[in-house]
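Below: one structure, written as structure tokens.
Coordinate-derived values only; no laboratory data. The structure presented is a predicted model; accordingly, all values stated were derived computationally and were not measured. Positions of Cβ are generated from backbone atoms using ideal geometry, with glycine treated the same way; all protein chains shown enter the neighbour counts.
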Amino acid sequence: MYLDGAETERLRIRKLELSDIAIWESFFENNDYLPYLGLDLSSDKKAQAKEWIEIQLRRYQEKRYGHHALIDKQTNQFIGQCGLLTQEIDGKTEIEIGYHILPAYWGKGYATEAANKFRDYAFQNNLCNSLISIIDIRNIASQKVAEKNGMRKTRQIKYHGLDVFIYRIDKG
């Protein structure tokens, strides 16, 4: 897989596995950002985590990229996910940088560090000429990560029933 085994200063990156479902359940606990993701939150956290991981595994199989596990190199703890995702925006296929950090690890710069790695990988390997991030207009923390990743807000649209900003960075 495209970044399986890669590293950043503080993170190891690997493909997600079914065994990650248990740890990913904690993403659905005490997470004020869940409403910004457009998820059906009516099922229990185990079902949500299972569906999330299975979607990423299908993305891998279909060669549509997908989120990867972010592992803290010092503690070996699973701290979140980041990856490239194919998305349809106004009938056009785009590649998005997506990132989701477990609440216990918010505010430590992990999302920015991982997003930078995926941005650099996409451009260095000529996967696209620009990347986007689709971010709920209420999600200030993710907007700040996008800006630190060199992205700029380009427009506001409705996406899966949410009001979102499209952030973009062009290959330099």
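Amide H neighbours of residue 68 under 5 Å, counting only residues 5+ apart in sequence or on other chains, H built in-plane at 1.01 Å?
Here 82, 83 satisfy the definition.
Count neighbours as other Cβ atoms within 10 Å of each site's Cβ, and list the GluC sites (Glu not before Pro) in segment 1-33 that are DSSP loop with at most 14 such neighbours.
Sparse-neighbourhood loop GluC sites (Glu not before Pro): 9, 17, 29.
In whole Å, what three semi-axes, largest first, describe the equivalent ellipsoid of segment 11-129 built from its Cα gyration tensor (square root of 5 times each eigenvalue)?
22, 18, 14
For segment 133-139, what does the Karplus curve 6.51 cos²θ - 1.76 cosθ + 1.60, with θ = phi - 60°, yield as ³J(HN,Hα) per residue in whole Hz, taken in order and with x for Gly and Pro?
9, 9, 10, 3, 5, 8, 8
Arrange 128, 82 by Cβ neighbour counts within 10 Å, fewest through most, would you?
By the 10 Å Cβ count, ascending, the order reads 128, 82.
Among 50, 92, what is the fewest-to-most ranking by other Cβ atoms within 10 Å?
92, 50
Mean residue ellipticity at 222 nm from the helices of the chain, using -39,500 (n - 2.57) per DSSP H segment of n ≥ 4 over the full residue count, to the nearest 500 deg cm²/dmol? Provide the component values of the computation, followed by the final result.
Details: 4 runs with 45 residues, N = 172.
So the calculated ellipticity at 222 nm is -8000 deg cm²/dmol.
In the Gaussian network model of the chain, springs joining C-alpha atoms below 10 Å, which of 64, 119, 12 carries the largest mean-square fluctuation?
Comparing 64, 119, 12 in a Gaussian network model of the chain, the most mobile one is 64.
GNM, the chain, Cα, under 10 Å: largest mean-square fluctuation among 74, 56, 156?
So, out of 74, 56, 156, the one fluctuating most is 74.
Hand me the chymotrypsin sites (Phe, Trp or Tyr not before Pro) from segment 70-172 located in a DSSP loop with no more than 16 other Cβ atoms within 10 Å, in residue order please. Write down the numbers at each step before the final one.
Numbers: sites: 78, 99, 105, 106, 110, 118, 121, 123, 159, 165, 167; in loops: 106.
Those that pass, being in a loop and sparsely packed, are 106.
Using the Kirkwood radius over Cα pairs, work out the Stokes-Einstein diffusion coefficient for segment 120-172 at 37 °C and 0.692 mPa s, in µm²/s as a whole number.
D = 285 µm²/s.
Subtracting the Cα-Cα distance from 0.36 nm times the residue separation, let me have the gained length for residue 140 to residue 17 in nm, one decimal.
41.3 nm
Which whole-Hz couplings ³J(HN,Hα) result when phi for each residue of segment 28-44 is put into the Karplus expression 6.51 cos²θ - 1.76 cosθ + 1.60, θ = phi - 60°, listed in order with x for Gly and Pro?
So the Karplus estimates, Gly and Pro as x, are 8, 10, 6, 10, 5, 8, 4, x, 7, 9, x, 8, 7, 8, 7, 8, 6 Hz.
Of the candidates 137, 13, 95, which one comes out as most mobile in a Gaussian network treatment of the chain with C-alpha springs shorter than 10 Å?
Greatest mean-square fluctuation among the candidates belongs to 137.
Do any GluC sites (Glu not before Pro) in segment 42-143 lie in a loop, going by DSSP, with at most 14 other beta-carbon atoms within 10 Å of their beta carbon, and if so which?
Filter output for segment 42-143: 62.
Tell me, what ³J(HN,Hα) does each residue in segment 98-104 have, in order and in whole Hz, if you take phi through Karplus 6.51 cos²θ - 1.76 cosθ + 1.60 with θ = phi - 60° and put x for Gly and Pro?
Working through the residues one at a time gives x, 8, 8, 10, 4, x, 4 Hz.
For segment 22-74 and segment 131-147, what is the centre-to-centre distance using only Cα atoms, to the nearest Å?
Segment 22-74 and segment 131-147 have Cα centres spaced 18 Å from each other.
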